[in-house]
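Worksheet for the structure shown next.
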Amino acid sequence: MQDDILFSHFTVREALVFAARLKLTTSTAEQDALVTNIQAELGLMHLTNSQIGDVRRKILSGGERKRTSIGVELVSDPSLVMLDEPTSGLDSFKARSICRLLHDLARKKGKCIVSTIHQPSSEAFYYFDRVILMADGYTVFQGDAAESLEYFRAMGEDVPKLCNPADYFMKVLAINYPKGDADFKKLEMFNNAYRSSVENRVKIDNQLIKLPLPADYKDGLPAYHAPIRVQLE
């Protein structure tokens, strides 16, 4: 389930060109130029004529296969890219390179990158702009990645000064199954804290956004609306 779906007998360039022919309506020359640019951006130029391979015949490394899969999706120049655990099965160095690649796509190409991630290293976490943390299916934090540890410190949690944020989140948000009293109390605390933070944020936004009623409003209702009798008819 975590393997990339690519034709094993294709070379890297053939996989990208095949995707371009299926998805684009531009000329062949323009498609080939686009594929070359994508290869350069993803660091795949040296693998142009390398076959992708499969489970039984490994040719590309895990990180190279991941970058090829991302390239296949970038052919159509999407504004939103969604990935499901793109670093699974990779070592820390390759996982960091994938996170850096996605970060560059967001900053330099203006892409919106949304991804689930499994236990990233501290170096990989550095490339995150915003994070959503969940426990038992509930959202317990949503905001800037740089502020995530301070959020838990403000709740009274004992957050180490020098730690991998992702490792800390995995530990503090872990829930045992079947859930015991301690797990229910933990979830209630996190949910109440998150609900309170959202309510405060909404109140601040409501104070900042104040629009005057249109001139044709009377007693809170538009003067041009049809009478109840007309609506019921």
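The values are calculated or read from the model by the stated rules, or taken from the named source; none is laboratory data. The shown structure was predicted, so the numbers you read here are calculated from the model rather than taken from an experiment. Quick reminder, even Gly has a Cβ in these numbers, built from the backbone with ideal geometry, and neighbours come from all protein chains shown.
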Next on the checklist: Of everything in the range 171-184, what is surrounded by fewer than 11 Cβ atoms within 10 Å (Cβ to Cβ) and either modelled with pLDDT under 70 or assigned to a helix (DSSP H, G or I) (or both)? Give them in sequence order.
Outcome noted: K171, D181, A182
Checklist entry - Mind checking whether some residue in the range 105-113 is out of contact with any helix residue (DSSP H, G or I) (no Cβ under 8 Å at 6 or more places or on another chain) and in a loop (DSSP other than H, G, I, E, B)? => result yes
Next on the checklist: Among the residues that make up the range 28-35, is at least one of them assigned to a helix (DSSP H, G or I) and among the polar types (S, T, N, Q)?
Outcome noted: yes
Checklist outcome for this item: Scanning the range 96-129 residue by residue, the ones that are of a type in the set (K, R), farther than 18 Å from N164 by Cβ and loosely packed, with under 15 Cβ neighbours inside 10 Å total 3
Item to check | Residue list for the range 135-166, restricted to those being in a helix (DSSP H, G or I), free of Cβ contacts under 8 Å to residues at least 40 places away in the same chain and not small (G, A, S) | outcome: E147, L149, E150, F152, R153
Item to check | Residue that is in contact with a Ser or Thr (Cβ under 7 Å, 6 or more places away or on another chain) and not acidic (D, E), where the choices are P120, P178, P160 | outcome: P120
Item to check | Residue within the range 53-72 that is of a type outside the set (S, T, Y), at pLDDT 85 or above, within 28 Å of I117 (Cβ to Cβ) and surrounded by fewer than 17 Cβ atoms within 10 Å (Cβ to Cβ) present | outcome: no
